[in-house]
Amino acid sequence: GFVPGLFGTSHGALQFMTYEDLKERYNKYRNRVSDTKLNTVEYIMMAAVSKIFAVSATYPYQVVRARLQDQHNSYSGVFDVIRRTWR
């Protein structure tokens, strides 16, 4: 449980990293200082895009973890879960 749990923390890290990168690139594109505050619409767009990226990057891990924790099925390991899920 501990090692798979560590992978779960990557979701927040990916979202924060993506948000900060998008904000910096956007402010550079608009010729503003990199730490300029975003307006409400800009903030919502950056937050949504970063969340979509984080979810799409970590959701497959969540599926594998949930299936490994399922007591009704028997798997021989992570690769067996991935193979059977893909199929």
Restricted to the stretch 37-56 and to residues being modelled with pLDDT under 95 and small (Gly, Ala, Ser), the residue surrounded by the fewest Cβ atoms within 10 Å (Cβ to Cβ) is SER56
Which one of these is over 15 Å from the mean Cα position of the chain (by Cα), in the same structural domain as THR9 (by the TED database) and surrounded by 11 or more Cβ atoms within 10 Å (Cβ to Cβ): ARG67, ARG32? ARG32
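The values are calculated or read from the model by the stated rules, or taken from the named source; none is laboratory data. This structure is a prediction, so every number in the text was calculated from the model and none was measured. When we count neighbours, we look across all protein chains shown, and the Cβ atoms used for this are built from the backbone with ideal geometry, even at glycine.
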